[in-house]
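The values are calculated or read from the model by the stated rules, or taken from the named source; none is laboratory data. None of the values given here were measured: they were computed from a predicted structure. Glycine gets a Cβ as well: all are built from the backbone with ideal geometry, and neighbour counts include every protein chain shown. Accessible surface is based on the protein model in full, side chains and every heavy atom, while ligands, DNA and RNA are left aside. Shrake-Rupley method; radii C 1.70, N 1.55, O 1.52, S 1.80 Å.
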Amino acid sequence: MSKELNSIPVLDSIPQWFDAIVGKEGNAFKGLQNVRTSALEDFNRLGFPNKKMEKWRSTDLKNVLSFDYSMATKDFLMKDILEEVFECEVQELDSYVMNLYKGRFVYKESPLHILDDGVIVGSLSAAFDKYPELVEKHFGKYAKTENNAFNALNTALFLDGLFVYIPKNVKVEKPLQLINAVGTTEDVFVQNRNLIILEENSQLTLIHCDDSYNYKRSFTNSVTEIVLGANASIDHYRLQNINNNSSLKSTVAVEQARDSRLNTNSIILNGGLIRNESFVTLNGEGAHADILGVYLADKNQHIDNQVYVDHAVPHCTSNELFKGILDDYARAVFNGHILVRRDAQETLASQNNANIILTDKAMINTKPFLEIYADDVKCSHGATVGQLDDSALFYIRQRGISEDNARMLLMYAFAAEVTQKIKIDSLRERVEDMVKKRLRGELSICDQCVLQCSNPEKYNFEIDMSKI
Amino acid sequence: MLLQIKNLHVSINGKEILRGINLEVNKGEVHAIMGPNGTGKSTLANVIAGKEGYEITQGEILYNGKDIQKMPPEVRAQEGIFLGFQYPVEIPGVSMTNFMRTSLNEIRKYHGQEPIPAKEFLARMAEKKELVEITAKLTNRSVNEGFSGGEKKKNEIYQMAMLEPQLAILDETDSGLDIDALRIVANGVNKLKTSENATVVITHYQRLLDYIVPDFVHVLFEGKVVLSGGKELALELEEKGYDWIKKETEKR
């Protein structure tokens with residue numbers, strides 16, 4: 001380990017945390033002890049990433065890792081959490097809202113629910129106790145630890161997360177929402193781990209929200225593994241609205257079998273430092289992936305999106321579209337990497353990153369990248385960086401719309417290319433409303449993306465068009 | 001007087017485009033401004049609408065007696081000036097409904113009126129669509145996105161109908177239109193004519209004036225109005241061509 005990295009207080013805490021969670025005192029995930037131990041070794045070998053590494057050249061963690069974070073290794077009382085932190089009443093399972101707090105699963109009665117059609121939803125830790133074979137078959141197989149320090153750290157230290165199992169031929173109509181909330185009395189380090197398994201011909205909509213409740217500093221390291229069986233289909237949304245003192249590193253690793261369909265959409269509204277990594281492996285013919293994202297950043301915010309798509313077999317299609325609006329001193333990074341392996345003939349892949357930069361101090365580092373070994377493929381990539389279109393601004397203003405609102409309208413429209421692809425009406429309206437609020441500077445970091453809530457005011461989807 | 005332009009000189013990047021324009025438009029009148037390409041017609045339209053990038057070096061533009069030089073374009077629009085664009089801009093992601101509603105409400109707000117009730121707004125959209133014979137659904141379509149040339153021009157007149165301006169300046173609205181679309185556009189303009197508003201039609205060809213009959217025709221040449229007359233001037237111009245203007249100007 002280099003000298004520079006010794007200034008990271010968390011490094012001193014990690015051995016204690018590991019002892020408390022995995023060692024003698026720890027009780028959950030006994031069967032994963034070897035996996036966790038080897039993950040810790042991987043992390044110790046890799047260390048936290050630094051700017052000398054190719055994939056981290058434009059994202060500097062030095063500042064956000066300079067704080068002495070703590071980790072909630074001990075159990076806490078569910079009742080207290082429910083009352084204190086969650087504004088909205090935690091819903092029963094039929095409304096499909098799941099809550100994580102400090103990386104732990106929050107529940108009222110039972111941590112794990114088994115529905116009539118065989119669907120299992122609930123705490124990963126509980127699932128591991130009850131269905132160890134099911135969990136072990138997939139856990140850690142897609143989010144690799146050997147070359148990814150955050151995946152390694154998460155694997156070694158995670159406390160809990162969401163587990164979902166959808167059996168063959170089951171289509172879950174109602175969206176499932178996972179809310180991971182930070183914001184406590186201390187600077188907290190959170191390792192959240194989720195495992196989503198979709199068997200053949202099944203279907204799920206998953207909304208993963210990272211929210212904060214106050215302005216307390218936090219660092220969340222979230223890893224989600226998604227396995228799609230043949231012809232399975234998932235709509236996956238990441239909604240991120242955390243305070244400017246908080247950092248979020250969110251990894252999603254997806255393994256796709258034949259004719260499966262992934263639609264993942266990241267809506268990044270606010271955050272001090274956010275880095276999303278998507279690893280998608282198209283491992284069965286006819287598989288398709290849409291990987292979309294929109295990011296709105298201002299002040300000193302830093303938003304980094306890394307997308308890695310592996311076309312491992314022939315006849316797969318993938319489509320990437322990321323759009324960003326950067327104001328003030330904000331910085332963003334886009335790194336798209338499409339790998340088309342030698343045998344992956346008739347691959348169809350596109351990659352696009354478009355940005356609007358509102359000031360001369362804001363900055364985007366964008367790097368679309370294709371690595372192609374097959375000869376019969378159609379791949380495209382592109383990146384644009386620009387300002388708001390002057391001729392469009394004049395056109396709108398000529399219709400009597402003020403300059404501020406004209407700019408707002410154009411920015412909103414720019415983001416809408418991504419947000420309008422949200423398939424759930426109520427979620428799309430909610431997100432579009434949040435985007436408008438964000439662009440007007442009215443979005444609070446405490447505005448959550450919850451779909452169902454006991455407070456009806458939060459669900460007023462009426463959009464006042466005069467204010468756009 | 002609705003619009004009064006006095007000795008207007010305008011430059012772009014130091015190059016003088018308009019060299020002393022004089023023009024007076026009263027309520028209830030239709031004016032046609034003709035002239036060869038590159039003679040300053042669009043510049044005049046843009047300057048009246050308040051587009052940036054033009055430098056007024058001399059003269060003034062009075063609208064309802066007020067000097068509008070320092071007014072931002074949106075305020076001019078709110079005051080009742082409408083520009084029908086030669087090249088309407090595509091705005092992906094902004095629906096026509098949203099655009100028109102925002103536009104109408106901002107204009108109403110400027111005049112101290114409440115926002116238009118949803119029902120009234122929708123009724124108005126339907127009524128005005130009919131006026132310009134738009135059959136396609138506009139509700140969810142983005143402004144001008146994927147519209148054909150003719151549809152874009154119809155859409156300009158549709159917006160004019162929605163906003164009911166006091167002064168409409170139509171910049172080459174006839175260019176690129178087939179005869180059917182031309183008839184529809186002209187029809188729309190004629191139906192919108194009242195004793196309280198005025199229209200300035202900028203065109204290269206006489207053809208449009210078969211449908212929109214002007215009270216006055218002005219010929220713009222090298223940044224100046226070189227000839228003004230009644231509608232018969234347009235016919236004379238059509239017959240003799242712009243070379244005739246050139247010669248006439250040289251004679252003086």
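A few notes on this one:
- Dipole in debye (nearest 20) - chain B, about Cα centre, beta carbon charges: Lys, Arg +1; Asp, Glu -1: 320
- Share of carbon and sulfur in the accessible area of the range B:89-164 stands at 50%, probe radius 1.4 Å.
- Placing unit charges on the Cβ atoms of the charged side chains and taking the dipole of the protein assembly as shown about its Cα centre, the candidate lying farthest along the positive direction among A:N63, A:F43, A:V435 is A:N63.
- Estimated dipole of the range B:188-252 in Debye, rounded to 20 [Cβ of Lys and Arg +1, of Asp and Glu -1, Cα centre]: 100
- Between 0 and 90°, nearest 10: helix B:149-163 axis offset from chain B longest Cα axis: 70
- Relative intensity, log₁₀ I(q)/I(0), of the range B:1-151 from a Debye sum that treats every alpha carbon as a point, q = 0.22 Å⁻¹: -1.40
- For chain B, the mean residue ellipticity at 222 nm estimated from helices alone is -11000 deg cm²/dmol, where every DSSP H run of n ≥ 4 contributes -39500 (n - 2.57) and the total is divided by all residues, rounded to the nearest 500.
- Straight Cα distances below 12 angstrom link B:K51 to the aspartates and glutamates A:D390, B:E74, with same-chain residues fewer than 8 positions distant left out.
- Seen through its C-alpha gyration tensor, with square-root eigenvalues sorted a ≥ b ≥ c, the range A:404-446 comes out oblate because a/c lies at 1.5 or above while a/b is not bigger than b/c.
- Solvent-accessible area, 1.4 Å probe, carbon plus sulfur percent, for chain A: 46
- Of A:D375, A:D210, the residue with the largest accessible area leads and the full order is A:D375, A:D210 (1.4 Å probe).
- Relative to the compact-globule estimate of 2.2 N^0.38 Å, the Cα radius of gyration of the protein assembly as shown comes out at 1.16.
- In summary, the convex hull built on the alpha carbon positions of the range A:162-217 has an orientation-averaged projected area of 4.2 nm².
- Candidate aspartates and glutamates for bridging to B:K251, where Cα separation is under 19 Å - those fewer than 8 sequence places away on the same chain excluded: B:E222, B:E236, B:D243
- Translational D in µm²/s for the range A:153-302 (Stokes-Einstein at 4 °C, 1.567 mPa s, Kirkwood Rh from C-alpha pairs): 82
- Only the Cβ atoms of Lys and Arg (+1) and of Asp and Glu (-1) were treated as charged; on that basis the dipole of the protein assembly as shown about its Cα centre amounts to roughly 980 debye.
- Length released on extending from B:T135 to B:E16, taking residue separation times 0.36 nm less the Cα-Cα span: 38.5 nm
- Measuring between alpha carbons in the structure, the pairs from B:K15/B:K70; A:K144/A:K216; A:K361/B:K15; A:K367/B:K137; A:K102/A:K171; A:K168/A:K421 lying more than 29 angstrom apart are A:K144/A:K216; A:K361/B:K15; A:K367/B:K137; A:K102/A:K171.
- When the listed pairs A:K249/A:K378; A:K51/A:K249; A:K62/A:K299; B:K66/B:K191 are checked against a 22 Å cut-off, the alpha-carbon distance exceeds it for A:K249/A:K378; B:K66/B:K191.
- GluC sites (Glu not before Pro) within the range B:1-79: DSSP coil, no more than 16 neighbouring Cβ in 10 Å: B:E52
- Here the translational diffusion coefficient of the range B:103-252 follows from Stokes-Einstein with Rh set to the Kirkwood radius across Cα pairs; for 20 °C and 1.002 mPa s it amounts to 123 µm²/s.
- Pairwise centroid distance, computed over Cα atoms, of the range B:113-152 with the range A:135-184, Å: 47
- Straight-line cross-link partners of B:K231 among the aspartates and glutamates, defined as a Cα under 15 Å from its Cα and at least 8 positions apart when in the same chain: B:E29, B:D210, B:D215, B:E239.
- Distance between the 7 Å Cα→Cβ label points at A:D116 and B:K247: 9.3 nm.
- Looking at the range B:132-180, the GluC sites (Glu not before Pro) that sit in a DSSP loop and have at most 16 other Cβ atoms within 10 Å of their own Cβ are B:E133, B:E145.
- Cα-only Debye scattering, the range A:228-382: base-10 log of I(q)/I(0) at q = 0.15, 0.16, 0.18, 0.19 Å⁻¹: -0.73, -0.81, -0.97, -1.04
- Whole-Å semi-axes of the range A:104-195's equivalent ellipsoid (Cα gyration tensor): 24, 18, 12
- With the convex hull drawn around the C-alpha atoms of chain B, the volume per residue stands at 127 Å³.
- For the pair B and A, total buried accessible area rounded to nearest 100 Å², probe 1.4 Å: 2300
- All Cα pairs of the range A:4-284, percent lying beyond 34 Å: 13
- Loop-resident sites, the range A:328-411, for chymotrypsin sites (Phe, Trp or Tyr not before Pro), counting at most 16 other Cβ within 10 Å (DSSP): A:Y329, A:Y373
- Residue-normalised accessible area of chain A, expressed per residue, 1.4 Å probe, Å²: 39
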